[in-house]
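For reference, the structure is listed below as structure tokens.
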Amino acid sequence: MCKYFFWGVLLATKHSSAEKRHKQSEVRRMRNKSAKSSVRTSARKYVEAVHAKDSELAFQLLKALVKELDTAAGKGILSKNSVSRKKSRMMKLYNVSFGAAAAN
């Protein structure tokens, strides 16, 4: 019998299928956590580039961020609506920051 801790409480599973599901959920949780962290890091780098007024770097980072968001949505890590909202806000930030400069 395998024992697990959940919120500081010792849990003992009675069935091997429960042990297997727990292991699978932990692997998936760590994979999802890594993907979400990667998306947040990309978003932070993009916002820093926008605030630094570097339009070329910001555009490249925006493309990379959109790709990461779409990948996360395709894998079910983030919902389609939240990905769409994040992409919209990031593109709006780019257009507000660099749209007037490009028109001049």
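The values are calculated or read from the model by the stated rules, or taken from the named source; none is laboratory data. All figures in this text were calculated on a predicted structure; none of them were measured in a lab. Heads up, the Cβs are rebuilt from the backbone with ideal geometry, glycines too, and the neighbour counts pull from every protein chain shown. Keep in mind that these areas ignore ligands, DNA and RNA; they rest on the heavy atoms of the full protein, side chains included. Shrake-Rupley method; radii C 1.70, N 1.55, O 1.52, S 1.80 Å.
Exactly one residue out of LYS92, LYS53 is open to solvent by 60 Å² or more (accessible area, probe 1.4 Å), among the basic types (Lys, Arg) and not in a helix (DSSP H, G or I): that is LYS53. Figure legend. Inter-residue proximity from region 33-50: first residues of a type in the set (Ser, Thr, Tyr) and open to solvent by 100 Å² or more (accessible area, probe 1.4 Å), second residues at pLDDT 95 or above and outside any helix (DSSP H, G or I), beta-carbon distance below 8 Å, spacing 6+ or different chains. No pairs are indicated. When residues in region 8-59 are screened for being at pLDDT 95 or above and in contact with a Cys (Cβ under 9 Å, 6 or more places away or on another chain), 0 of them pass. Within region 65-77, the residues that satisfy the criterion of being touching a helix residue (DSSP H, G or I) at 6+ places or on another chain (Cβ under 6 Å) and either surrounded by fewer than 14 Cβ atoms within 10 Å (Cβ to Cβ) or part of a helix (DSSP H, G or I) (or both) are LEU65, VAL66, GLU68, LEU69, ALA72, ALA73.
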